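Right, one structure below, let's go through it.
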Amino acid sequence: QHGGAACASAKRAGGGLGRLDRLALKVGSLVPVADILVRRAHELGGATYGALYVGGQSSQLVVACPRHGTVTSRVLPVGIMTLVEPVAREPGTGVEDAQRALGERSVADEVTALEPLGDDAEITRSAMDRMIGPALRRMVADIEATLEFFDTQRVSDRPQRLELFGACDRVNGLADFLAASLPVVPSPVSGWLVAALASNAVRFLMVVCSAL
């Protein structure tokens, strides 16, 4: 009666639609998460806007400048489950244990911003750094490359901050790690995405996030 909203990956949308059909729920529309973030940039107006939606198997990065009408959207191959899986592969550790560990131990304290070098690198680095450090540093490198591309090719300034959406709060210290590694200030935003969907959900709305 009041409608609803759900997030699903593009690959899994078919299965989600089938389950909704069995529940007699009608999907009103499919909306890419990048489209929602570009709309937010337009609503805020003016300065260059940056946003990172952290998904399951990957994440969606959007950089947009409403003033110049320029947009760059990129899927990054790092998400919550790509961090959980290497931790869960440790002997005696399951997925739930890995999720709990990432929620309790700050990755900002456990993972270095730069790749450890030297003969003693493997000895001195933490176990958490060995497991998820490469993926986090790859995320940072991809974000930096995208910001550099936007700055040089799109004739627009870089954003001063990077809004964080999605499941970023499931990894303790992720925002702090990004803050220490990036030239922009990460700013977690809670509640806006759900509110933005709910305010327009006259029927069941499924957001297809190609980044998951």
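The values are calculated or read from the model by the stated rules, or taken from the named source; none is laboratory data. Everything numeric here is computed off the predicted structure, so don't read it as measured data. Ideal geometry is used to build each Cβ from the backbone, glycine not excepted, and the neighbour counts take in all protein chains shown. Only protein heavy atoms, including side chains, enter the accessible area calculation; ligands, DNA and RNA are left aside. Shrake-Rupley method; radii C 1.70, N 1.55, O 1.52, S 1.80 Å.
Structure notes:
- Among 70-79, 83-92, the peptide with the highest mean count of other Cβ atoms within 10 Å heads the list, and the full ranking is 70-79, 83-92.
- Solvent exposure of region 32-74, expressed per residue, is 38 Å² of accessible area, with all protein chains present and a 1.4 angstrom probe.
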